[in-house]
1. Can you go through Arg138, Arg195, Arg162 and tell me which one is open to solvent by less than 40 Å² (accessible area, probe 1.4 Å) and of a type in the set (D, E, K, R)?
2. Applying the selection to the range 104-119, what residues are out of contact with any Leu (no Cβ under 7 Å at 6 or more places or on another chain) and surrounded by 14 or more Cβ atoms within 10 Å (Cβ to Cβ)?
3. Would you pick out the residues in the range 40-73 that are open to solvent by 50 Å² or more (accessible area, probe 1.4 Å) and among the hydroxyl-bearing types (Ser, Thr, Tyr)?
4. Output the strands (runs of 3 or more DSSP E) that fall wholly within the range 55-117 and possess 1 or more residues being within 20 Å of Thr302 (Cα to Cα) and either of a type in the set (D, E, K, R) or in contact with a helix residue (DSSP H, G or I) (Cβ under 9 Å, 6 or more places away or on another chain) (or both), or say none.
5. When you check Lys106 against the structure, is it charged (D, E, K, R), under 24 Å from Leu24 (Cα atoms) and in contact with a strand residue (DSSP E or B) (Cβ under 6 Å, 6 or more places away or on another chain), yes or no?
6. Of everything in the range 123-135, what is surrounded by 15 or more Cβ atoms within 10 Å (Cβ to Cβ) and touching a residue at least 60 places away in the same chain (Cβ under 8 Å)? Give them in sequence order.
Amino acid sequence: MAAAAVAAPEVLRECGCKGIRTCLICERQRGGDPPWQHSPQKTHRFIYYTDTGWAVGAEESDFEGWAFPFPGVTLIEDFVTREEEAEMVQLMDRDPWKLSQSGRRKQDYGPKVNFRKQKLKTASFRGLPSFSREVVRRMGLYPVLEDFRPVEQCNLDYCPERGSAIDPHLDDAWLWGERLVSLNLLSPTVLSMSREAPGSLLLCLAPSGFPEALVEGAVAPSRSVLCQEVEVAVPLPRRSLLVLTGAARHQWKHAIHRRHIEARRVSATFRELSADFGPGGRQQDLGRELLQISLSFQGRPT
């Protein structure tokens with residue numbers, strides 16, 4: 001496509017990194033041994049299984065065969081078709097991508113927000129893009145999302161040539177609500193989740209048939225691991241929709257490591273309003289205005 005050809009020089013020579021954030025482009029430009037550091041890997045890796053809702057110790061690790069419940073993750077596979085995926089990315093590529101941190105590019109459809117001062121402006125916000133209307137409608141067919149009304153969409157573009165990644169973080173809770181919803185396009189990846197809280201996680205050793213046996217229940221906790229040493233890997237298939245709620249939304253940080261970007265990946269993340277901007281909240285009038293704009297589906301990237 002013409003849009004992809006125009007974007008190529010930006011992909012190969014420019015970056016939007018600031019401070020301690022880096023990508024392959026600026027690392028090559030600076031040369032030498034970098035004074036900055038990438039996020040260190042956690043000591044103990046667990047794998048999330050969607051069929052059980054448990055995080056399971058990785059094979060050939062110290063905790064292989066051990067597991068703990070990991071609530072708040074819903075994964076809907078094949079949420080869009082290959083044809084819908086291709087059309088969505090083609091429409092995204094017709095609009096400019098802005099350089100962002102850690103080798104990413106982005107497109108924002110939402111109000112301009114200053115999270116530190118807790119202020120926002122709606123002047124340039126015209127709503128979600130028209131091609132997301134069907135995506136949002138389809139979300140409502142699933143019980144976990146039947147009343148989900150997004151007020152912001154952020155598209156992120158990752159590619160291995162830029163060393164794209166996103167560091168562990170928690171999304172804001174002043175403006176954004178309980179559910180974070182992300183559509184994974186073009187290639188599979190892994191969402192890595194970690195928690196800096198003190199204390200330990202209690203582990204269960206499942207009976208034979210593990211991990212399927214966890215559906216029926218596991219034996220009493222008989223081992224523990226320091227929470228700060230654990231990383232939970234959530235595999236994200238191509239064209240899947242991820243929903244984070246509860247502890248997975250508010251307590252566990254999420255990240256995409258550079259090593260898990262093996263081909264171009266585009267994600268579209270949708271966010272709803274917090275209770276403060278909902279009916280009866282202190283900011284309900286502003287919330288109503290934001291929803292009216294958002295669901296007009298007349299937006300262009302801000």
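1. After ruling out the rest, the residue left standing is Arg162.
2. Gln107, Asp108, Gly110
3. Matches in the range 40-73: Thr43, Tyr49, Thr50.
4. Output list reads 105-109, 112-114.
5. Yes.
6. Hits for the range 123-135 are Phe125, Arg126, Gly127, Leu128, Pro129, Ser132, Val135.
For every residue, the table says whether it meets (1) at pLDDT 95 or above; (2) surrounded by 19 or more Cβ atoms within 10 Å (Cβ to Cβ); (3) not aromatic (Phe, Trp, Tyr).
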{"residue": "Pro207", "(1), (2), (3)": "no, no, yes"}
{"residue": "Trp252", "(1), (2), (3)": "yes, yes, no"}
{"residue": "His260", "(1), (2), (3)": "yes, yes, yes"}
{"residue": "Arg265", "(1), (2), (3)": "yes, yes, yes"}
{"residue": "Asp276", "(1), (2), (3)": "yes, no, yes"}
{"residue": "Gly287", "(1), (2), (3)": "yes, yes, yes"}
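The values are calculated or read from the model by the stated rules, or taken from the named source; none is laboratory data. If you're wondering where the values come from, they're calculated on a predicted model, not measured in any experiment. We place every Cβ from the backbone using ideal geometry, glycine too, and count neighbours over all the protein chains shown. What goes into the accessible areas is simple: the full protein's heavy atoms, side chains included, and nothing from ligands, DNA or RNA. Shrake-Rupley method; radii C 1.70, N 1.55, O 1.52, S 1.80 Å.
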